[in-house]
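One structure follows; several queries about it will come next.
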Amino acid sequence: PVLVVDFGAQYAQLIARRVREANVYSEIVPHSMPVAEMLAKDPAAIILSGGPSSVYEPGAPQLDAGVLDTDVPVFGICYGFQAMAQTLGGTVAHTGAREYGRTSLTPAADPGVLLRALPADLPVWMSHGDSVVEAPAGFSVTASSPGAPVAAFENLPARRAGVQFHPEVLHTEQGQTMLTRFLYDIAGIEPTWTSSNIIDEQVAAIRSVVGDKQVICGLSGGVDSAVAAALVHRAVGDQLTCIFVDHGLLRAGEAEQVEKDYVAATGIRLKVVDASERFLGALDGVTDPERKRKIIGREFIRVFEQAAREVDAERDVEFLVQGTLYPDVVESGGGTGTANIKSHHNVGGLPDDLQFSLIEPLRTLFKDEVRALGTQLGLPDEMVQRHPFPGPGLAIRIIGAVSRERLDVLRQADLIAREELTAAGLDRDVWQFPVVLLADVRSVGVQGDGRTYGHPVVLRPVSSEDAMTADWSRLPFDLIARISNRITNEVAEINRVVLDVTSKPPGTIEWE
Ligand code: XMP
């Protein structure tokens, strides 16, 4: 792998993704990892990421000089660039010329490999207080910027290079070109990290771990569990049984999609548990959002556990598949543990006494890679490109108590909004498009010649990259008008459609 050494800024994940976009496998490791441990991973290159603003800051994470004693190709970015310069005998100084945000890069007369034939005055994204003022011996300076006399350097025989700016951010035009040139042209790495190679590797790994044992997987209807299961199925076929709990809080067509489309595309053995009576019974009259969530979580575990025991009784199951993704692994401090298979249970609130070993085939992947894998595995587009949908389902999109009638009303409105968004070709421009029923609110309207006294629904289209922050989507007004017309005409109980124009923060994406 290419190791991305994390110096504690938020850029390491982005760098790792960009490396993978260049079809090269990358892993994030903490800067505290001993060099011997890094070398044990047989790195094709090491990238030192950005970090705190100054190498002089007390407590600033130190670069283990040993990294630069090896003959592994190294690329330094921002803080990593300065740390590299300092360790190799260059000079880093407080010049007082800080640069934050966009600035322009001037390639040197000899722009080297990284900046070869790129335009002058290239917009790049900087974030630094200190500057490298003198490159280490053996390095040629290939660019400068108004605030950084040495903004890029490289040493081809040593297969090392560095840049003061952030090539991984989109604001740096040509950033991906430079990163790719480091990987291919300086470090000499072959671009072999592709969906089909990932599938081959994972299939082999899963086969060798599972042997002839039985496996179960809980499907949520979301992309991650769907792709994880498809991958495991590719590896062990009928030794896999999937469990899908229909809690009655799904959108129109979702249970059918899992039952029909998914099975048709994969041939997976599926056990569908219709538990809607049970969930709706437990939710009867409950209006508090947190109570709704707790009840749904609790019932879900009970139903899943029961179903898993039934499968287990028949088939003697040893493994449970989970769709854990790389960001979860990195965020929970397990950035180094990129093994595909972990031998213990108790994830996602599943009970301790479900004694299965865990298979997490997506543990090294980002969401967009999971989608690419799903496509490669032959899953239908509607499944792979699906918008995220919360586990508690429509229950947290009905403001007020949940009932079958209210769910039916919301399902109709939600389906119309989704149909129109798709027809407008805007599915990919929107992260998620909740429709929320204000079930305890009524307003007066007029339809035909008569007075109505119906409920409002809220349209909540949002744009986001990771759901941590979001903005309301500026959908075309004619699309919103079409959705509003259709909902008020086709759904009898709804006589008003409103648009939520709140970003996150201060709002959350969901209303509860
Ligand atoms: P909020 O509403 O907190 O949502 O801005 C952020 C993202 O998480 C989804 N979400 C959930 N997903 N179980 C889930 O699996 C939940 O309980 C849950 N609550 C919110 C939400 O749809 C959005 O994508």
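Coordinate-derived values only; no laboratory data. All figures in this text were calculated on a predicted structure; none of them were measured in a lab. Virtual Cβ from ideal backbone geometry, glycine too; neighbours counted across all protein chains shown.
Given bins 10 angstrom wide, list per bin the percent of all Cα-Cα distances in segment 195-384, short to long.
Once binned at 10 Å, the Cα pair distances of segment 195-384 give 9, 36, 38, 16, 2, 0.
Residue farthest toward the positive end of the dipole of the chain, with Cβ of Lys/Arg at +1 and Asp/Glu at -1: which of V74, L48, G454?
G454
Going by alpha carbons, how many degrees (0 to 90, nearest 10) lie between the helix axis of 367-376 and the longest principal axis of the chain?
70
Taking the number of other C-beta atoms within 10 Å as the exposure measure, put L219, L415, L362 in order starting with the fewest.
Fewest to most other Cβ atoms nearby, the residues stand as L415, L219, L362.
Something else about it: Would you mind checking the radius of gyration and Dmax of segment 393-499 based on alpha-carbon positions, in Å?
Here Rg and the maximum Cα pair distance are 13.9, 47 Å.
Taking the DSSP beta bridges in the chain as the whole, what percent of them are antiparallel, to the nearest 5?
45
Right, here's the next one. Provide the gained length on full extension for the span R293 to D466, in nm with one decimal, where the gain is 0.36 nm per separating residue minus the Cα-Cα distance.
Working: separation 173, 0.36 × 173 = 62.28 nm, distance 2.16 nm.
60.1 nm is the gain from fully extending R293 to D466.
If you wrap a convex hull around the Cα atoms of segment 52-171, how much volume per residue is inside, in Å³?
99
Quote the relative contact order of the chain in percent (integer), defining contacts as alpha-carbon pairs under 8 Å separated by 6+ residues.
Computed over the chain, the figure is 10 percent.
Kirkwood-based Rg over Rh for segment 185-224 (C-alpha set), two decimals?
1.18
Then there is this: Kindly state, as a whole number, the per residue volume in cubic angstrom of the convex hull around the alpha carbon atoms of segment 113-220.
Per-residue hull volume (Cα only) is 191 Å³.
From largest to smallest, what semi-axes in whole angstrom does segment 204-300 give when each is the square root of 5 times an eigenvalue of its alpha carbon gyration tensor? Please report the intermediate quantities before stating the final value.
Values: eigenvalues 182, 41, 22 Å².
One finds semi-axes of 30, 14, 11 Å for segment 204-300.
Ok, one more. Return D440, D328, D212 ranked ascending by Cβ neighbour count within 10 Å, so the fewest neighbours appear first.
By the 10 Å Cβ count, ascending, the order reads D212, D440, D328.
Same structure, new question: Relative to the present Cα-Cα distance, how much length would full extension add between S104 and D42 at 0.36 nm per residue of separation?
18.7 nm
Follow-up. Among E512, E465, which comes first, then next, by fewest other beta-carbon atoms within 10 Å?
Ascending number of Cβ neighbours within 10 Å: E465, E512.
Take every DSSP beta bridge whose two residues both sit in segment 393-499, then give the antiparallel share in percent to the nearest 5.
Expressed as a percentage, antiparallel bridges in segment 393-499 total about 60.
Starting from one equal scatterer on each C-alpha and no solvent at all, send me the Debye-based log10 I(q)/I(0) for the chain at q = 0.07, 0.08, 0.10, 0.13 Å⁻¹, two decimals.
-0.49, -0.63, -0.90, -1.20
Using a simple spin-label model with points 7 Å from Cα along the Cα→Cβ vector, what separation in nm is obtained for D284 and L499?
4.1
Rounded to the nearest 0.05, what FRET efficiency do Q306 and D212 give with R0 = 30 Å and r taken as the Cβ-Cβ distance? Could you check?
About 0.70, to the nearest 0.05.
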